[in-house]
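Presented below is the structure to which this report refers.
Here, each number is a calculation from the coordinates, and none is a lab measurement. Worth saying up front: this structure is predicted, and the values here are computed from it rather than measured. Here the Cβ positions follow ideal geometry from the backbone for every residue, glycine too, while neighbour counts run over all protein chains shown.
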Amino acid sequence: MSIFLNTQLGKNKLTPKQILKDPVLFLAFGFGSGLAKKAPGTFGTLAAVPVYWLFAQADIVVYSVLTLIVTIVGIGICGQAAKTLGEHDFGGIVWDEIAGYLITMWLVPLAWQTLVLGFVLFRVFDILKPWPIRWVDRHVGGGLGIMLDDVLAGVFAAIVLLSAVNWNWI
C-alpha cells in the first residue's frame, strides 16, 4: 500500500507522473509532497522544514526577501496549478503551506523547539481557519485566494510563536 496518490488528479485527471514532470505543478505540489493520500497539507508543511532551515542560514534580510519571493511567486504557481488541474485549491497544491510555514518562522531563532512549535501552530491555524482566515478561504479566488488563507494562518501562527519566544516559554 502506497502513501502516495496513484489515481488521476483534479477534474482534468492528471497523473502523478504528469504532476512531477511539469515544473509549475512540481512546485505547486511541494516537490511532490502534495501527492500524499492523506494530509497533503501536513506533508507540504513538512516539505517546508528543509526550505526553512536553508533560508534560516542567511541573515534576516535575505530570509525576508526569499520568503516574500516564495509568497508572491506562489500566487502564480498556485493559480496556474489550479487551472491545469481544472480545480480551485485542490488539496495537493501545497506551495501555500510552504509559504505559510516560512512566514510562521520569519522572526524566530532557528531551534528545534521553534521548528516544532511553529509547525504545530501553523497546522492548527491552517486547519481550524479562525476568522478572517475562513472568510478569505471562502471568498477570495484564484492563486491569490489559494495563497492568502495560508499567509494569514502563517501570520497568526507567527504572532503566537514570537510571543512564546519573547516570553521565554520556549
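So here's what we get for this one:
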item: Positive dipole terminus of the chain, leading residue within Thr15, Leu161, Gly143 (C-beta point charges); result: Thr15
item: Farthest positive-ward along the chain dipole, Cα basis, beta-carbon charges - from Trp112, Ala47, Phe90; result: Phe90
item: Sequence of Thr45, Thr7, Thr104, Thr67 once ranked by neighbouring C-beta atoms within 10 Å, starting from the fewest; result: Thr7, Thr67, Thr45, Thr104
item: Per-residue Cβ neighbour rank within 10 angstrom, fewest leading, Leu115, Leu9; result: Leu115, Leu9
item: Proxy reagent accessibility, fewest Cβ within 10 Å first, across Ile127, Ile170, Ile93; result: Ile127, Ile170, Ile93
item: Given 16 as the ceiling on other Cβ atoms within 10 Å, longest exposed-site-free region of the chain for chymotrypsin sites (Phe, Trp or Tyr not before Pro) in DSSP loops; result: 1-166
item: Kirkwood hydrodynamic radius of the stretch 1-74, from inverse mean 1/r over distinct Cα pairs, in Å; result: 13.6 Å
item: Mean Cα-pair separation over length for the stretch 60-170, i.e. relative contact order, pairs under 8 Å, 6 or more apart, %; result: 36 percent
item: Inter-part distance where the stretch 99-142 and the stretch 49-74 are each reduced to a Cα centre, Å; result: 15 Å
